[in-house]
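**Q** Quick one: structure below, then a few questions.
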Ligand code: MLT
């Protein structure tokens, strides 16, 4: 009989957001008249920017002509998009990233989940706690962990984000091979300063580790002293891969477009100690297992960088960040301590007791969906996350409802 990958059996029965969606559907079926306000998963609600829609429509019309039709595109992305990303996200800010170091993809969830494949199955991994569950689960699937005990997998090194360290994990003293970092952080919304990131880059260079830096929420940073990219940090090109996305800043969660930067300088070691370029490995993996993002979607992503696209995406970001500020203010006024919401679209709220119990109470009593902190890891217990991705009307109604929380 065919054997399964037994490592999958170490996973929680289902993915966090699928679990929540199932509970919410069951609640709605049992209470068809209740209006539920979803502040759980970070899914955008506002329409695609007009500049992106126009570019997509134009690209579809081009595809309907003999001259403009395109079949398979370059797996790494069309040069027009890679060049626009390199210029607008990096070079214009003084960060050294070239177009051919950018790999366009269908999402940061996929890229941050797939990247581990090019590293040794014996690699020692450090993972934040709380954490975006994809980093953990993909390493569990790959067999890099033992079983889970009390919410923690044997073999992983956990970087704790707690109230007493301002939700920014301290730099490790032990040596690991791969370090996952995410700033602005999902789920906490905390951001790291230049000095804090420099300390991680120094650690990685000293220990020949690689930082897997998820910056999917970079566009939400409001404080100009906070780095929007790991490549703002000296030495990062030698030790860091960065994941970015159009999902949240341009409303592409359903449209799907993201990118990963793998600098040419970045090296990792073979079993025999030879150093090889990670860029070539990721290129090999990407071109074997991925066939590119569709041409109309890449044109839509390129339009994010047009003057109108920049204006419209900035308006979208400002809209969600106004929601975030309203949520944080209202929750603090109710007496809770929070982090996030100022440079990130998530507000991380410290609350007494079980976070799943609070999830149930918010849903049952107020019809509000949050994300229970425990779903992101042990350190998430005693917290919930509220997402600012919603309409203003829904946020206002949710904040009114929250006042009734006893
Ligand atoms: C979240 O709610 O944490 C995000 O929506 C997850 C994601 O982007 O996949």
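The values are calculated or read from the model by the stated rules, or taken from the named source; none is laboratory data. Predicted, not measured: the structure shown is a model, and the values here were computed from it. Here the Cβ positions follow ideal geometry from the backbone for every residue, glycine too, while neighbour counts run over all protein chains shown.
**Q** Counting just the residues of region 252-265 that are more than 16 Å from the ligand (Cβ to nearest atom) and part of a loop (DSSP other than H, G, I, E, B), which one comes out surrounded by the fewest Cβ atoms within 10 Å (Cβ to Cβ)?
**A** 264
**Q** I'm trying to understand the selection: among the residues of region 14-45, which are more than 15 Å from the ligand (Cβ to nearest atom) and in a loop (DSSP other than H, G, I, E, B)?
**A** 31, 32, 33, 34, 35, 36
**Q** Then there is this: Tell me which of these residue 35 doesn't satisfy, since it passes every other one: (1) surrounded by 12 or more Cβ atoms within 10 Å (Cβ to Cβ); (2) touching a residue at least 12 places away in the same chain (Cβ under 8 Å).
**A** Against the list (1) surrounded by 12 or more Cβ atoms within 10 Å (Cβ to Cβ); (2) touching a residue at least 12 places away in the same chain (Cβ under 8 Å), residue 35 comes up short only on (1).
**Q** What's the total number of residues in region 1-28 that are out of contact with any helix residue (DSSP H, G or I) (no Cβ under 9 Å at 6 or more places or on another chain) and within 25 Å of residue 388 (Cα to Cα)?
**A** Of the residues in that region, 6 qualify.
**Q** Identify all residues within region 99-123 that are assigned to a loop (DSSP other than H, G, I, E, B) and more than 16 Å from the ligand (Cβ to nearest atom); write none if there are none.
**A** Result: 119, 120, 121, 122, 123.
**Q** For region 59-82, give me each residue that is assigned to a helix (DSSP H, G or I) and either under 12 Å from residue 298 (Cα atoms) or within 16 Å of the ligand (Cβ to nearest atom) (or both).
**A** Scanning region 59-82 gives 59, 60, 79, 80, 81, 82.
**Q** Looking at (1) within 16 Å of the ligand (Cβ to nearest atom); (2) more than 30 Å from residue 160 (Cα to Cα), which is the only condition residue 129 fails?
**A** Going through the list (1) within 16 Å of the ligand (Cβ to nearest atom); (2) more than 30 Å from residue 160 (Cα to Cα), residue 129 breaks only (2).
**Q** It is to be established whether one or more residues within region 140-162 are buried (at least 20 other Cβ atoms within 10 Å of the Cβ) and under 30 Å from residue 298 (Cα atoms).
**A** no
**Q** Restricting the first residue to region 105-126 and requiring it to be at positive phi, which pairs with a second residue that is within 16 Å of the ligand (Cβ to nearest atom) and not in a helix (DSSP H, G or I) meet a Cβ separation below 9 Å and a spacing of at least six or different chains?
**A** 107/245; 107/247; 107/252; 107/253; 107/256; 107/257; 107/258
**Q** So how many residues does region 224-238 have that are part of a loop (DSSP other than H, G, I, E, B) and either closer than 21 Å to residue 109 by Cα or modelled with pLDDT under 95 (or both)?
**A** Qualifying residue count, region 224-238: 2.
**Q** Identify, from the list 249, 314, 323, 283, the residue that is within 16 Å of the ligand (Cβ to nearest atom), in a helix (DSSP H, G or I) and either in contact (Cβ under 8 Å) with a residue 40 or more places away in the chain or under 22 Å from the mean Cα position of the chain (by Cα) (or both).
**A** When all the criteria are applied, what remains is 323.
**Q** So, one more: Step by step: first the residues of region 192-221, then only those that are within 16 Å of the ligand (Cβ to nearest atom) and closer than 19 Å to residue 325 by Cα, then the one that is surrounded by the most Cβ atoms within 10 Å (Cβ to Cβ). Which residue is that?
**A** Result: 217.
**Q** Okay, next question. Mind listing just one residue for me: the one in region 382-406 that is away from the ligand (no atom under 16 Å from the Cβ) and free of Cβ contacts under 8 Å to residues at least 60 places away in the same chain and, of those, nearest to residue 134 (Cα to Cα)?
**A** So, considering only residues that are away from the ligand (no atom under 16 Å from the Cβ) and free of Cβ contacts under 8 Å to residues at least 60 places away in the same chain, the one nearest to residue 134 (Cα to Cα) is 382.
**Q** Tell me which residues, restricted to region 342-373, are within 15 Å of the ligand (Cβ to nearest atom) and either more than 24 Å from residue 35 (Cβ to Cβ) or not assigned by TED's automatic domain parsing to the domain that holds residue 398 (or both).
**A** Of everything in region 342-373, those that are within 15 Å of the ligand (Cβ to nearest atom) and either more than 24 Å from residue 35 (Cβ to Cβ) or not assigned by TED's automatic domain parsing to the domain that holds residue 398 (or both) turn out to be 344, 348, 373.
**Q** Which one of 242, 302 is in a helix (DSSP H, G or I) and either in contact with a helix residue (DSSP H, G or I) (Cβ under 6 Å, 6 or more places away or on another chain) or within 16 Å of the ligand (Cβ to nearest atom) (or both)?
**A** Answer to the selection: 302.
**Q** While we're looking at this one, here's another question. Going by the conditions given, is residue 89 surrounded by 16 or more Cβ atoms within 10 Å (Cβ to Cβ) and either away from the ligand (no atom under 16 Å from the Cβ) or more than 18 Å from residue 182 (Cα to Cα) (or both)?
**A** yes
**Q** Next question, about the same structure. Going through region 132-145 one residue at a time, which ones are in contact (Cβ under 8 Å) with a residue 60 or more places away in the chain and more than 16 Å from the ligand (Cβ to nearest atom)?
**A** 140, 141, 142, 143, 145
**Q** Please go through region 373-397 and give me each residue that is in contact with a helix residue (DSSP H, G or I) (Cβ under 8 Å, 6 or more places away or on another chain) and within 18 Å of residue 28 (Cβ to Cβ), ordered by number.
**A** 390
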